[in-house]
Amino acid sequence: MDHKLNILFLHAIVITMQGKGVGIIEDGAVGIKGDQITFVGKSDDAKGYTAERVILAENKVIMPGLIDAHIHSGDGLIRGVSQDLNNWMQHGIWPFEQVLRQDEDAVLKGSLMNIMEAMKAGTTTFCDFDTPMTKIVENHIQLGTRARVCELISELPKESKTGIGELYEFDPAEGNAKYKRNVELYEEWHGKANGRITCMFGPQGADMLSKELLLEIKNTADKLQTGIHMHVSQGDREINQMIQRYGKRTIPFLDEIGYLDTSLMAVHLTEATENETRFLAKTGAGMVLCSGSIAIIDGLIPPSAAFLENSNRLALGSDQAPGNNCNNMFNEMKFTAILNKCKAKNPSVFPAWKVLRMATIDAAHAIGLGDEIGSIEVGKKADIIMVDFTQPCIAPIIHYPVRNVVPNLVYSAKGSEVEMVIIDGKVVIDNYKVISVDEKKVVSDAQQAVLRVSKATGEPFSRIPDTPLREMMNNEEL
Ligand SMILES: [Zn+2]
């Protein structure tokens, strides 16, 4: 047996996420060789091993990297432009999107900053749902992150003249071009970078493309044995469209066309009923819960408790920067726990250990990577973070008569305590510093790009009705 490792952590609190809970090992050790975890156990049992780098991790937690199962990293540049208002999409984000999406360089710079923000807070895997993904994926290559990517496929025309509440018109040529881009993305990138990049298909929502195109996408995804990442029942807007077009709500419609199975990652379910959600869970489909985003955009808490009655394939997602307004899985864990306790009027639901699983091992299963990531286990990919429990906001550590480490990760940590990040066996953040890019330059490039975008947004923004955001700008007392 080869006892020479690349990296060996000793004397750590290891949260393996193995078993039914969190699988804590006190005074634990984790060994990495190449891209894999090759040792997990007590420090005493690691005595026969040597390593190129030995890290003495007293008072540090070693745990699996966090999984952001739904992010539109291309929106990174327009953080904070769309909250505290109704019609979030039409009156908040659209004027900015129209300009941003004409400026590919700006999209890419925002995405790079967004991914870097998340990685610094311990996110190692991203289900990035955006366009142009053939370019955005290069950001994941550069930063060294694991990404499960897809193109946004919709059949909505470039210039939509549809008013609020009216049935969308479709432009099949536009839909086909986007679908083709997703196929090309798959052909070019699936399995690249030592398998760190994998590709799925990304129909934007059941209301945004025709039944014919939805069926073609499903057929291709099944043939390629990959998954589908899709917004499902994401708002009353969507349900209205579905009733107008098909006389059915989204989940019964998707069931009828054969979409509900383990290959589907259903994002949001904001407007799904509890019964629809229980039904979806039973089909084996995964659910992605974006607590922060949906609370800010809609003031709602999706029916994830109903989902959990039938399935653990529940993952968390940060969604997007303009209306969340951060991409930080510690923030998502905390929001998820607190909002659901309030919804149930019961503090015992959504306990910290369960929510931690939603950002690690349960998420890994929900996104179809359960055999590779999500836990610290021999043979799995070495996607590992080290969290410094000597930082005042999460210290001190208590092991007896109760353990406080997991509650402190969920309710106290902010992400800034993540000292080291390893993805696919490579150190990508060391001593809080991102290795592959100049962090200050990433932020200053994004700042320059957003000046361009915000200046050009003035005109389309002036055409929308008064919004709380404009009121804040024009009212000196606010
Ligand atoms: Zn989304």
task: Could you please find all residues in the stretch 141-168 being over 21 Å from Arg101 (Cα atoms) and acidic (Asp, Glu)?
output: Glu166
statement: Matching residues in the stretch 238-259 (under 25 Å from the mean Cα position of the chain (by Cα) and within 16 Å of Glu166 (Cα to Cα)) number 2
statement: Taking first residues from the stretch 202-213 that are touching a residue at least 24 places away in the same chain (Cβ under 8 Å) and second residues anywhere that are in a loop (DSSP other than H, G, I, E, B) and surrounded by fewer than 21 Cβ atoms within 10 Å (Cβ to Cβ), the pairs with Cβ under 6 Å that are 6 or more apart or on different chains are Met208/Leu156; Ser210/Phe170
- prompt: Any idea which of Ala29, Ala106 is closer than 27 Å to Cys127 by Cβ and surrounded by 15 or more Cβ atoms within 10 Å (Cβ to Cβ)?
  reply: Ala106
Residue satisfying condition, being exposed (fewer than 14 other Cβ atoms within 10 Å of the Cβ) and in contact with a Lys or Arg (Cβ under 9 Å, 6 or more places away or on another chain), within set Glu169, Glu212, Glu174, Glu187: Glu169
task: Report yes if some residue within the stretch 402-419 is in a strand (DSSP E or B) and either in contact with a Lys or Arg (Cβ under 6 Å, 6 or more places away or on another chain) or buried (at least 18 other Cβ atoms within 10 Å of the Cβ) (or both); otherwise report no.
output: yes
task: For the stretch 235-245, name all the residues that are in contact (Cβ under 8 Å) with a residue 12 or more places away in the chain and either in a helix (DSSP H, G or I) or surrounded by fewer than 17 Cβ atoms within 10 Å (Cβ to Cβ) (or both).
output: Asp236, Arg237, Glu238, Ile239, Asn240, Gln241, Met242, Gln244, Arg245
- line: Of Ile164, Ile153, Ile197, the only residue that is surrounded by 23 or more Cβ atoms within 10 Å (Cβ to Cβ) and among the β-branched types (Val, Ile, Thr) is Ile153
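Results for (1) at pLDDT 95 or above; (2) within 20 Å of Tyr168 (Cα to Cα); (3) in contact with a Leu (Cβ under 7 Å, 6 or more places away or on another chain); (4) within 16 Å of the ligand (Cβ to nearest atom), shown as yes or no for each residue.
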residue: Pro203; (1), (2), (3), (4): yes, yes, yes, yes
residue: Leu215; (1), (2), (3), (4): yes, yes, no, no
residue: Ser233; (1), (2), (3), (4): yes, yes, yes, yes
residue: Arg249; (1), (2), (3), (4): yes, yes, no, no
residue: Glu256; (1), (2), (3), (4): yes, no, no, no
residue: His268; (1), (2), (3), (4): yes, no, no, yes
residue: Thr283; (1), (2), (3), (4): yes, no, yes, no
task: Looking only at the stretch 163-185, decide whether some residue is modelled with pLDDT of 95 or more, within 20 Å of the chain's Cα centre (by Cα) and in a helix (DSSP H, G or I).
output: yes
- line: Checked the stretch 418-452 for anything charged (D, E, K, R) and farther than 14 Å from Val107 by Cα; matches are Glu419, Asp424, Lys426, Asp430, Lys433, Asp438, Glu439, Lys440, Lys441
message: Can you find a residue that is assigned by TED's automatic domain parsing to the domain that holds Val428, small (Gly, Ala, Ser), buried (at least 24 other Cβ atoms within 10 Å of the Cβ) and in contact with a strand residue (DSSP E or B) (Cβ under 8 Å, 6 or more places away or on another chain) anywhere in the stretch 71-92?
response: no
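The values are calculated or read from the model by the stated rules, or taken from the named source; none is laboratory data. Keep in mind that this is a model prediction, so the values were computed, not measured. Every residue, glycine as well, gets a Cβ built from its backbone with ideal geometry; the counts of neighbours run over all protein chains shown.
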